[in-house]
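**Q** So that we are looking at the same thing, I have put the structure below in structure tokens.
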């Protein structure tokens with residue numbers, strides 16, 4: 001195993017270049033498989049589980065905040081439409097809308113803080129293939145979510 005570890009460290013710039021070429025060619029899965037192999041070849045990375053756990057928790061919290069913000073935005077839009085229809089309870093609708101707007105501002109601040117926390121966690125990851133793989137997984141998830149498929 002020390003030989004694989006030595007070779008992975010020695011040829012890391014070449015393997016990184018190969019990863020970039022695979023991604024530019026649209027072969028995201030092959031690039032991630034190459035990163036996974038490089039990660040398996042490395043023998044000693046003591047703090048990686050703790051970093052990954054904190055990254056996973058922060059990423060989960062971030063996605064929950066985004067979902068809650070989307071729900072509040074839909075609720076705000078619904079109340080705005082009801083207000084435009086001229087409902088007789090306009091005062092209560094305005095009060096609810098102001099409350100939701102305040103909550104939305106709080107959620108925007110919380111989302112910004114969650115993004116900052118994720119970036120700090122990524123910055124503290126030890127350099128290597130695992131660190132390069134995490135943001136690329138996020139990019140791939142965003143591309144698939146938008147409906148753009150690069151094969």
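The values are calculated or read from the model by the stated rules, or taken from the named source; none is laboratory data. Predicted model, so just to flag it, every value in this text is computed and none were measured. Note: ideal-geometry Cβ built from the backbone for every residue, glycine included; neighbour counts use all protein chains shown.
**Q** Out of the stretch 94-134, which residues are in contact (Cβ under 8 Å) with a residue 60 or more places away in the chain and exposed (fewer than 12 other Cβ atoms within 10 Å of the Cβ)?
**A** Hits for the stretch 94-134: nothing passes.
**Q** May I pose another question? Restricting attention to the stretch 13-32, which residues are touching a residue at least 60 places away in the same chain (Cβ under 8 Å), in a helix (DSSP H, G or I) and more than 15 Å from residue 128 (Cβ to Cβ)?
**A** Within the stretch 13-32, 23, 28 meet the criteria.
**Q** Looking only at residues that are outside any loop (DSSP other than H, G, I, E, B) and loosely packed, with under 12 Cβ neighbours inside 10 Å in the stretch 79-89, which one is modelled with the highest pLDDT?
**A** Only one residue tops the list, namely 81.
**Q** State the number of residues belonging to the stretch 33-49 that are modelled with pLDDT under 80 and either assigned to a helix (DSSP H, G or I) or surrounded by 14 or more Cβ atoms within 10 Å (Cβ to Cβ) (or both).
**A** 11
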